[in-house]
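First comes the structure, then the notes that go with it.
A short reminder: the numbers here are calculations on the coordinates, not readings from a lab. As the structure is a computational prediction, the values presented were derived from the model and not from experiment. Cβ placement follows ideal geometry from the backbone for every residue including glycine, while neighbour counts extend to all protein chains displayed.
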Ligand SMILES: [Zn+2]
């Protein structure tokens, strides 16, 4: 008999998360960068995992990276996704060294490969913000 392990409660949205989404709303991908050691980080957090400093600034990403890995979702978990599945969810390693999870655009998921150069594109949401996705890289 297996034990049932309940899902943990969702991570609360912090003002750091809100700042990340505010950058997205302007069509820019921004990540935190440590003011002491220069290490970039994502997801947003208060302290540098490398040096422990709590001094940081938002810096604009180049928006370019490479596919680190991905998964393909074959079962829609809600009605909003019924028209787009199956779809790929990527983990992209950005030029700054951080990794970000986002959807795929402008490429069939069957053509994905590890290391594929990609760039960020934004799509507007009804609430006025924008959601980042990645497509095969066009810029150099
Ligand atoms: Zn640091």
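In the chain, helices alone account for a calculated mean residue ellipticity at 222 nm of -2500 deg cm²/dmol, with every DSSP H run of four or more residues adding -39,500 (n - 2.57). Over the chain, Cα pairs under 8 Å with separation of 6+ residues give a relative contact order of 21 percent.
Kirkwood analysis of the stretch 62-140, using all unique Cα-Cα pairs, places the hydrodynamic radius at 13.1 Å. Normalised by residue number, the volume inside the convex hull of the Cα atoms of the chain is 172 Å³ per residue. Note on residue 74/residue 113: beta-carbon distance plugged into 1/(1 + (r/R0)^6) with R0 of 25 Å gives a FRET efficiency of 0.80. Kindly provide the Kirkwood hydrodynamic radius of the stretch 1-71 in Å, to one decimal, from all pairs of distinct alpha carbon atoms. When all Cα pairs of the stretch 1-71 are included, the Kirkwood radius is 14.4 Å. Annotation for the stretch 63-140 versus the stretch 4-36: alpha-carbon center distance of 17 Å. For the stretch 49-127, calculate the relative contact order in percent as a whole number, restricting contacts to Cα pairs under 8 Å that are 6 or more residues apart. It comes to 33 percent, rounded to a whole number. Name the residues of the stretch 95-134 whose amide N is less than 16 Å from a point 7 angstrom out from the Cα of residue 62 along the C-beta direction? It comes to 95-100, 115-121, nothing else.
Annotation: for a label point projected 7 angstrom from Cα along Cα→Cβ of residue 54, residues of the stretch 4-19 with backbone N closer than 15 Å are 15-16. Annotation for residue 4 and residue 16: the two label points, set 7 Å from Cα along the Cα-Cβ direction, are 3.4 nm apart.
Spin-label pair residue 82-residue 139: with each label point 7 Å from Cα along the Cα-Cβ axis, the two points sit 3.8 nm from one another. Secondary structure note: in the chain, about 95% of the DSSP beta bridges are antiparallel.
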